[in-house]
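A short write-up of the structure that comes next.
Every number here is computed from the coordinates shown, using simple stated rules; none is lab data. Note that the structure is predicted; figures quoted are calculated from it, not measured. Neighbour counts run over all protein chains shown; Cβ positions are idealised from the backbone, glycine included.
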Amino acid sequence: MHDRRLVAGLAAIALLAIAVACVFLLAPRWVAGGVETLARQQLGRSLTAKDGAHLTLSPLAVRLDGAELSGATPDDDSVLTAKSLTIPVSLGQLLTRRPDLTHLTLTGAEVALLINERGAASWDFPGFTPGPVAVTLEQASLRYFDARNSQAMQLDHVDGELDLRADGGAAFAGTAVINGRLVRIDADLKSLARVNADGSPLELALAADDGDANFSGRLSTANVLSLAGPVSLSSATPGPGLRLLGLPLPDGATVPGPIAIDGALDTAGRAFAIRNATFALGAFHAAGDLAVDLRNDQPKLQAGLTADAMWLDPFLPAAGAKGGDWGRLPLPFAVLKSFDAEVSLEGRSLSFGAFTAGPTQLKLTLTGGKLQVDAASSLPDDGTLAFTAKADATAIPPSVALKLDAEDAAAQPLLGALTGVTQLTGTGSMATDVTAAGTTQEELTGTLKGTASIDLINGRIAGTDFAGLAQAAKQKILDGWSAAPGATPFDHLSGEAAIADGIATFRNFKIEGPATLFTVEGLIDVLRQGIAVSANALVNGQPMLPVAVIARGPWGKPRIYPDIPDILKNPEGGFARLQDVPPAQGN
């Protein structure tokens with residue numbers, strides 16, 4: 001009797017073990033079959049596992065390897081291929097053959113969002129109502145292609161949670177790589193079916209170390225992929241932020257920041273426009289329209305903006321100059337070859353260093369690595385300023401050019417901003433037309449060539465009394481301009497210079513004062529910041545010295561002495577011979 005009970009117990013255990021074993025052995029087949037049936041019922045598509053179905057124990061799940069969801073017709077590409085599709089199950093679900101098919105995990109998936117020549121979208125399932133499902137994506141990629149216009153986009157390394165809702169909407173929270181940057185994505189789409197019809201409301205937020213973007217509007221692919229609605233963009237480091245948007249600035253290229261843009265986004269394919277935008281780049285604030293066209297190999301930026309004030313200082317590249325030395329850091333000419341641009345700016349004022357102009361119109365054109373900036377400004381007392389600046393990054397070495405004309409302009413702020421010379425005041429005309437070539441500030445300065453002219457009235461040269469210098473030079477060799485402190489007032493100052501290899505040569509440069517006249521000729525070495533000039537001085541028409549006065553050496557501290565042979569070697573003899581020189585004839 002006892003033995004019969006033991007045998008019956010063992011048989012029951014054996015039968016249970018066989019049943020459980022059958023469940024585990026057969027589970028992958030009927031779970032896979034359930035998924036295939038669900039795909040046919042809810043999507044009208046076939047789902048297959050080319051590499052078979054398998055049961056995993058930790059965690060307990062059924063894995064379909066080589067999963068593939070077909071297109072709408074046999075000729076269409078598959079909507080989905082994945083290295084594996086995993087359905088988590090419990091022991092109870094296995095025993096009851098009722099797995100929960102609303103939670104899936106796709107590993108290595110490639111999702112093809114395609115629109116064929118007839119305008120049919122691969123994500124449309126006419127006549128079917130997809131049920132709710134939550135999908136975990138692991139290292140997926142999303143590929144979009146519109147055969148009507150060859151528009152293509154792709155997201156790689158997608159990780160996150162995709163929630164397909166019963167109301168036809170979809171939401172995603174996760175990360176992807178966009179233009180080489182890891183980006184956090186939070187998106188909510190009202191209706192997947194309406195995207196390729198009248199469009200669907202979309203809430204989209206992108207966040208990266210390089211910047212943030214937020215959009216609230218409508219997504220449509222009825223004619224071409226387009227977005228319409230309010231958008232805001234911000235980045236503390238504009239260079240990487242612009243690269244995130246698809247402007248391929250070279251690594252290391254800097255743009256002054258931070259940057260912020262708010263406006264109404266209107267896109268057509270890979271052409272993006274922001275209307276009625278407010279734009280901030282560092283201290284620069286403007287309003288108007290912006291557009292970026294990414295349809296061609298060379299991106300193009302277009303803008304029409306108005307601003308209260310325009311500052312040029314932040315947009316001029318740092319050259320590495322310190323302590324009066326010219327910079328030897330490579331200038332970012334490569335940026336000019338990264339994109340094309342057409343920008344027009346209107347500002348109530350223009351500032352560069354201490355120089356400030358009134359209402360200004362500026363036009364920037366960048367095409368194929370060649371930049372041209374044209375500007376016209378109003379100055380106080382009916383003065384005007386016009387300049388054209390050019391840079392050619394395609395030349396070897398790169399070249400730059402500047403043509404500037406100022407009329408009825410105050411000399412001190414303009415010359416201070418352009419040359420660093422702040423001692424000269426007065427009002428009048430100033431002009432320059434120069435070119436240079438090189439990759440650094442030092443190289444550009446050393447190859448400078450062209451012309452410059454100045455014609456001022458009613459000003460002064462601060463820091464030095466030229467008449468005092470001439471008088472002092474009768475007695476000794478002077479060491480720098482400070483030997484005669486004070487100022488040199490003038491009624492009229494004029495002169496022209498020819499520039500070659502960074503050296504400015506001038507003749508008949510005149511400084512006319514109430515009782516004095518100085519005529520100067522010689523040269524200034526711009527690169528080395530040195531001078532070699534001679535000046536003749538008259539007081540009330542009579543020569544102050546019988547010979548010219550020489551100034552030679554560093555610009556900041558030249559040696560100043562009468563033009564007597566060998567005076568530097570024998571100062572005493574030189575000054576003795578000066579007394580024997582007959583007086584020069586005055587005017």
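Tell me, what HN-Hα J-couplings in whole Hz come from the Karplus equation 6.51 cos²θ - 1.76 cosθ + 1.60 at θ = phi - 60° for each residue of the range 119-126, using x for Gly and Pro?
For the range 119-126, the Karplus curve yields x, 7, 9, 5, 8, 8, 10, x Hz.
Take the alpha-carbon centre of the range 372-431, take the same for the range 436-466, and report the distance between them in whole Å.
11 Å
Given the convex hull over the Cα atoms of the range 431-572, what projected area results after averaging over all orientations, in nm²?
Details: hull surface 35.7 nm².
Result: 8.9 nm².
Using only alpha carbon pairs under 8 Å that are at least six residues apart, calculate the relative contact order of the range 465-587 and give it in whole percent.
Reported as a whole number, the value is 22 percent.
Applying a 10 Å radius around every beta-carbon, put 190-200, 61-71 in order of their mean neighbour count, most first.
61-71, 190-200
What share of Cα pairs, in percent, lie more than 19 angstrom apart in the range 260-372?
56 percent
Within 14 Å, Cβ to Cβ, of K557, how many net charges do the neighbouring residues add up to if Lys/Arg are +1 and Asp/Glu are -1?
With Lys, Arg at +1 and Asp, Glu at -1, the net is +2.
Dipole size in debye (nearest 20) for the range 147-215 around its Cα centre, Lys and Arg Cβ +1, Asp and Glu Cβ -1?
With Lys and Arg at +1 and Asp and Glu at -1, about 340 debye.
Hey, what's the Cα Rg ratio for the chain versus the globular rule of thumb, 2.2 N^0.38 Å?
Numbers: Rg = 38.9 Å, N = 587, 2.2 N^0.38 = 24.8 Å.
Cα Rg divided by the expected 2.2 N^0.38 Å: 1.57.
For V177 and A236, calculate 0.36 nm times their separation in residues minus their Cα-Cα distance, and state this gained length in nm to one decimal.
Residue separation times 0.36 nm, minus the Cα-Cα distance, leaves 19.3 nm.
Using +1 at the Cβ of each Lys and Arg and -1 at the Cβ of each Asp and Glu in the chain, identify which of T48, A515, L142 lies farthest towards the dipole's positive end.
Highest projection toward the positive end goes to T48.
Antiparallel DSSP bridges in the range 70-148: what percent, to the nearest 5?
Bridges in the range 70-148 that DSSP calls antiparallel: roughly 35 percent.
Please enumerate, by chain and number, the aspartates and glutamates with C-alpha under 15 Å from the C-alpha of K476, excluding those fewer than 8 residues away in the same chain.
Straight-distance partners of K476: D563, D566, E572.
Output the antiparallel fraction of DSSP beta bridges having both residues in the range 449-587, as a percent to the nearest 5.
Taking every DSSP beta bridge within the range 449-587, about 100 percent pair in antiparallel fashion.
Can you classify the range 43-101 as rounded, prolate or oblate using the Cα gyration tensor, where a ≥ b ≥ c are the square roots of its eigenvalues, rounded means a/c under 1.5, and otherwise it's prolate if a/b beats b/c and oblate if not?
Prolate.
Work out from phi, with θ = phi - 60° and the Karplus expression 6.51 cos²θ - 1.76 cosθ + 1.60, the ³J(HN,Hα) of each residue of the range 367-384, listed in order in whole Hz, and give x for Gly and Pro.
Ordered by residue, 3J(HN,Hα) equals 9, x, x, 10, 10, 9, 10, 10, 9, 9, 10, 8, 10, x, 6, 6, x, 9 Hz.
Classify the range 84-188 from the C-alpha gyration tensor, please: rounded if a/c falls under 1.5, else prolate or oblate depending on whether a/b exceeds b/c.
Numbers: a/c = 2.29, a/b = 1.43, b/c = 1.60.
Oblate is the answer for the range 84-188, as a/c is 1.5 or above yet b/c matches or exceeds a/b.
Could you grab the relative contact order for the chain? Cα pairs under 8 Å, six or more apart, rounded to a whole percent.
5 percent
Have a look at the DSSP beta bridges in the chain and tell me what percent are antiparallel, nearest 5.
Antiparallel bridges make up about 90 percent of those DSSP assigns within the chain.
From the P(r) of the range 503-578, can you give the percent of Cα pairs sitting at distances over 17 Å?
52 percent
If you find the alpha carbon centre of the range 176-209 and of the range 71-140, how far apart are they in angstrom?
19 Å
With a ≥ b ≥ c the root eigenvalues of the C-alpha gyration tensor of the range 347-482, is it rounded (a/c under 1.5), prolate (a/b larger than b/c) or oblate?
It is oblate, given that a/c is not under 1.5 and a/b is not larger than b/c.
Can you give the Kirkwood hydrodynamic radius for the range 481-524, in Å, rounded to one decimal and based on Cα pairs? Write down the numbers at each step before the final one.
On the way: mean 1/r = 0.0845 Å⁻¹.
Across the range 481-524, the inverse of the average 1/r is 11.8 Å.
Taking 31 Å as the cut-off for C-alpha to C-alpha distance, list the pairs among K370/K510; K83/K337; K510/K557; K403/K474 that go past it. Write out the running numbers ahead of the final one.
Working: K370/K510 39 Å; K83/K337 41 Å; K510/K557 22 Å; K403/K474 42 Å.
K370/K510; K83/K337; K403/K474, as the Cα separations exceed 31 Å there.
Run through every distinct alpha carbon pair of the range 431-502 and return the Kirkwood hydrodynamic radius in angstroms, one decimal place.
The answer is 14.8 Å.
Per DSSP helix of 4 or more residues, -39500 (n - 2.57); summed, then divided by the residues of the chain. What does that give at 222 nm, rounded to the nearest 500?
-4500 deg cm²/dmol
About the Cα centre of the chain, how large is the charge dipole given +1 on each Lys and Arg Cβ and -1 on each Asp and Glu Cβ? Please answer in debye to the nearest 20.
Using Cβ point charges on Lys, Arg, Asp and Glu, the chain gives about 1260 debye.
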